[in-house]
Amino acid sequence: MKMTGAWVLAFAAQWVLLLLLTLLVAGMLRYLTSFEERAELAAPHISRFEVGESPEPFVLPDLAGHDVDSGRLVAGRYAIILLTTPGCSACDTLTMQVAELASREGGLPAVGCLIIIVVGSSHDKAAALIDKLGGAVPPGVTLLIDEKGTVTRNYGVRSNPVGIALSDRGEVVSQSMNPHINWLYKVLDVLPPERPVAADQHGVDTLWLPAGLTRQ
């Protein structure tokens, strides 16, 4: 009887330990799932596109009122799409940096990349950016007007400015939300000026995705 009682106790203890182990594993799995969900929600959102995906082209008017097809414009070319809004200091910084690059010897054509600035505003406010571009839209730059915010909305962008770099196959290779002061220079693989070009000097958040515009 004593041996039988001890065996029953040992058997019961094993089941209790097994139950506790099962509950512990289930709790850990639940915690990991919850952690992944929280991390996904907390991750900075830039656009609905991932590296390697090809954003759909769009058609928008330029300052002259002519419709421009972005798909035809960037076909077979390295390109950067800058989604901006007037009155935004980070947007102004990007525009000023484009002007700085255009002022270098050979301008933007020498860099080998087309820059499309999409301005989410009226024609008059978009035209005001000409002063920040040095008085005219430089070669290698296309300025388009997205008064209704169509591209921003279709691309899943929540807040401007956003920069999206495309390969010559039209695939995303890097993108940044509220780009760092040197993001444009890094993605173009050119040296920034000795004195930073910026509308102000505050820090900005940047998300770098692997890969850049690598020319063969």
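The values are calculated or read from the model by the stated rules, or taken from the named source; none is laboratory data. Source: prediction; values computed, not measured. Cβ sites come from the backbone with ideal geometry, for glycine too, and all protein chains shown count toward neighbours.
Filtered by the rule that a residue be in contact with a helix residue (DSSP H, G or I) (Cβ under 7 Å, 6 or more places away or on another chain) and buried (at least 20 other Cβ atoms within 10 Å of the Cβ), segment 147-177 gives Asn160, Pro161, Gly163, Ala165, Leu166, Ser174, Ser176. Residue count for segment 22-70 under the criterion of being at pLDDT 80 or above and of a type in the set (A, V, I, L, M, F, W, C): the result is 9. All of Ala199, Ala211, Ala136, Ala126 fail the test of being of a type in the set (A, V, I, L, M), over 18 Å from Pro57 (Cβ atoms), modelled with pLDDT under 90 and surrounded by 22 or more Cβ atoms within 10 Å (Cβ to Cβ), apart from Ala126. Filtering segment 140-152 for residues that are on the phi > 0 side of the Ramachandran plot and modelled with pLDDT of 90 or more leaves a non-empty set.
Can you pull out every residue in segment 83-136 that is polar (S, T, N, Q) and more than 13 Å from Leu188 (Cβ to Cβ)? Once the filter is applied, which keeps residues that are polar (S, T, N, Q) and more than 13 Å from Leu188 (Cβ to Cβ), segment 83-136 yields Thr84, Thr85, Ser89, Thr93, Thr95, Ser103, Ser121, Ser122. Residues being over 18 Å from Ser89 (Cβ atoms) and crowded, with 22+ Cβ neighbours inside 10 Å: count how many of those fall in segment 178-190. So the answer is 1. With the condition kept exactly as written, say whether any residue in segment 81-99 is surrounded by 15 or more Cβ atoms within 10 Å (Cβ to Cβ), assigned to a loop (DSSP other than H, G, I, E, B) and without any contact (Cβ under 8 Å) to a residue 60 or more places away in the chain. Yes, that holds for at least one residue.
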